[in-house]
Amino acid sequence: MSLAGRAALLLALAAAVYAIVMALGSMRRGRRGWIQSAERSVYGVFGLVTVAIVTLWAALLTDNFELRNVAEYSSSTLGSQFKISALWGSQAGSLLLWAWLFTGFAALAVFINRRRNRELMPVAIAVLMGIAIFFTGLLSFVTSPFETLAAIPAEGRGLNPLLQNHYMVIHPPLLYIGYVGLSIPFAFAIAALVTRRLDTAWLTAVRRWTIMSWLFLGAGTLLGARWAYEELGWGGYWAWDPVENAAFMPWLVATAFLHSVMVQERRGMLKVWNMVLVILTFSLALFGTFLTRSGIVASVHAFGESTLGPFFAAFIGVVLVGSLALLVTRLPLLRSQNSLESYISREAIFLFNNLLLVGLAFAIFWGTVFPIISEAARGSRITVGQGYYNQVAVPIGIALLVLTGVGPLIPWRKASPGELRRRFEVPVAAAIAGGILLWAFTDVWSNWAAAGVCTAGIFVTFCVGGEFWRGTKVRRALGNVTWPGALGSMVARNRRRYGGYIVHLGVVVLFVGLAGSSTFASEADLALRPGQSGTVAGYTVTADGFERGRTEHVATVSSRLLITDGDGDEVATMTPAVNFYFADQQRSTEVAIDSSPTRDIYVVLAGLSEDGVARVSVFVNPLVMWLWVAGIIMLIGGGIAAWPGMPALRREPAEEGAAEAQRARP
């Protein structure tokens with residue numbers, strides 16, 4: 001198995017080199033057969049890396065402890081799903097997954113563009129295969145997933161207990177799909193710069209790739225938050241951990257690109273800015289991979305000490321310096337066709353949105369790398385706490401939330417005062433009324449950030465909801481169909497626009513969940529003997545016994561707790577537990593969570609004494625469920641936006657004109 005895997009990776013490396021030679025050679029000699037050979041080589045690279053990853057998966061599933069990766073990250077007692085996920089539990093295995101997904105995306109991009117964008121494909125293939133050479137080179141010569149042991153152990157050490165979670169089966173692959181998907185827009189952007197084909201053709205080629213990568217990166221990040229919430233036992237889901245930040249930053253910059261690309265398509269503006277965003281997004285995706293594998297940051301998500309850091313740092317440097325230098329040489333070809341006519345216009349709102357998103361990404365980047373810089377400069381590492389991130393992220397987040405409502409209602413080029421009044425009078429009135437009701441009947445106004453989020457959320461909901469209402473009304477009048485039929489037809493005819501609006505509604509729900517869970521959470525540490533009770537946030541927690549268990553692999557202790565509300569009615573019976581694994585001498589916490597639309601009751605067992613005293617931490621976290629609901633809404637909206645639209649004339653001019661007239665009506 002070791003020989004087959006190594007050989008497949010070496011052949012993949014050679015095939016990637018051959019693909020570059022054939023692709024670039026086809027540009028100089030104009031031979032169609034050469035570019036076809038390069039394209040087939042891309043498919044071959046994917047096939048060879050597939051052989052390598054299947055070989056490693058087979059070794060994991062058959063308990064082949066001759067391989068170091070199998071012996072150190074798997075065991076015969078692991079379930080099949082965790083043996084499969086053990087592949088990305090190791091550094092070399094996770095890089096192999098990265099390379100496999102990447103070469104698969106490269107092959108898919110080549111296949112989709114086999115009859116279009118022919119001028120761009122030679123350079124795009126060369127860029128993609130250059131990235132493939134980097135990763136297959138690392139896997140072949142620096143950190144091989146097929147390293148063998150001189151002495152074969154009878155049993156493996158097993159997977160880290162923290163990773164034996166169903167979210168960890170899917171969270172890393174989703175993140176990696178997001179990361180590698182961002183390489184496709186980068187490759188086409190470089191191809192457009194090299195070939196000087198700087199019209200909107202390259203944007204059209206990469207738009208859906210960017211949306212899908214954005215979707216997977218967001219879903220992976222949210223599932224990672226869910227894993228942290230369930231597995232780490234600290235009562236939260238986001239700690240501004242360096243590796244969490246590493247996934248969040250490219251998502252933010254990709255969000256900026258998805259908005260600013262509309263300005264270039266509609267008004268021929270922001271051409272240089274869009275190129276910069278594509279380069280930054282891919283560079284940040286590489287930076288996230290670098291942080292996880294370099295060993296320079298302390299994180300529960302990161303691998304330990306590693307020799308890969310210098311290789312990744314050098315590669316990121318080559319990508320940044322090379323692509324930005326190329327961009328500088330093409331600046332005369334990237335002049336905007338139009339200029340900003342008014343600061344009260346849709347293109348101006350998109351520009352403000354971009355500046356805030358990139359500014360937030362930079363602030364997070366600075367907080368992430370500052371400990372490294374401080375250690376290099378002063379010899380001591382100064383850690384940036386959550387307070388820094390919250391102080392920066394909260395006001396920027398509220399401003400971004402407001403802009404998600406303002407953007408759809410502001411017209412292109414220029415808006416008159418009368419138009420602004422007509423378009424925003426209902427959302428502003430609703431926000432004011434909603435804010436007054438929240439002040440009168442809730443405690444939201446005890447915290448300015450939560451009040452700002454909720455009030456802005458009402459404003460955005462009415463802005464976006466009004467767009468759906470007006471569009472559906474126009475469509476029903478034109479087509480003489482039912483209201484649901486008109487809504488469905490309207491969305492189907494302009495998926496990108498209304499899918500984006502659904503994403504905006506998901507953002508509202510996300511922000512409300514964040515505000516509620518981070519601002520109004522309650523917690524208490526209790527020490528309870530069987531029959532004793534304690535209270536937290538109006539709930540009574542009563543110890544109702546405990547259990548101890550033991551197998552040859554793990555010892556388990558658990559406490560049974562009865563939760564009742566202020567009226568004495570039973571809410572839930574919860575059983576938090578602690579596991580101790582003998583093989584690797586590790587302890588894992590099994591939290592107990594009772595979820596409802598208004599709150600989560602979250603219980604952690606800190607310890608259980610010999611006489612049955614359970615030390616538990618109890619958290620009451622409001623509105624956490626809406627974080628996960630928001631993720632589903634955003635996925636639905638993004639999926640609608642990315643889905644191929646209706647061919648050619650999918651939107652009648654009469655419908656467009658009627659919709660604009662409806663918005664402008666006094």
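The values are calculated or read from the model by the stated rules, or taken from the named source; none is laboratory data. All values reported here derive from a predicted model rather than from experimental measurement. Here the Cβ is made from the backbone with ideal geometry for all residues, glycine too, and neighbour counts use every protein chain on show.
Values as computed for the structure displayed
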| item | result |
| --- | --- |
| Matching residues, the range 579-602, being more than 23 Å from Tyr539 (Cα to Cα) and of a type outside the set (Phe, Trp, Tyr) | Asn579, Ala583, Asp584, Gln585, Gln586, Arg587, Ser588 |
| Selection status of Phe216, over 17 Å from Ala126 (Cβ atoms) and part of a helix (DSSP H, G or I) | yes |
| Considering residues of the range 439-452 that are part of a helix (DSSP H, G or I) and over 32 Å from the mean Cα position of the chain (by Cα) only, the residue surrounded by the most Cβ atoms within 10 Å (Cβ to Cβ) | Trp439 |
| Only one of Val263, Val243 that is crowded, with 24+ Cβ neighbours inside 10 Å and in contact (Cβ under 8 Å) with a residue 40 or more places away in the chain | Val263 |
| Qualifying residue in the range 234-257 (condition: of a type in the set (Asp, Glu), within 14 Å of the chain's Cα centre (by Cα) and assigned to a helix (DSSP H, G or I)) | yes |
| Residue match in the range 423-430 (condition: under 21 Å from Phe511 (Cα atoms) and outside any helix (DSSP H, G or I)) | no |
| Any hit, the range 72-82, residues being more than 18 Å from Ala126 (Cα to Cα) and buried (at least 24 other Cβ atoms within 10 Å of the Cβ) | yes |
| Answer from Leu217, Leu232 - the residue that is aliphatic (A, V, I, L, M), over 26 Å from Leu334 (Cα atoms) and surrounded by fewer than 23 Cβ atoms within 10 Å (Cβ to Cβ) | Leu232 |
| Tally, over the range 509-559, of residues that are at positive phi, surrounded by 14 or more Cβ atoms within 10 Å (Cβ to Cβ) and either part of a loop (DSSP other than H, G, I, E, B) or at pLDDT 90 or above (or both) | 1 |
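Conditions (1) surrounded by fewer than 23 Cβ atoms within 10 Å (Cβ to Cβ); (2) charged (D, E, K, R); (3) assigned to a helix (DSSP H, G or I); (4) at pLDDT 95 or above, marked per residue:
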position	(1), (2), (3), (4)
Leu108	yes, no, yes, yes
Arg115	yes, yes, no, no
Glu119	yes, yes, no, no
Met129	no, no, yes, yes
Ala132	no, no, yes, yes
Pro145	no, no, no, no
Ile152	yes, no, no, no
Glu155	yes, yes, no, no
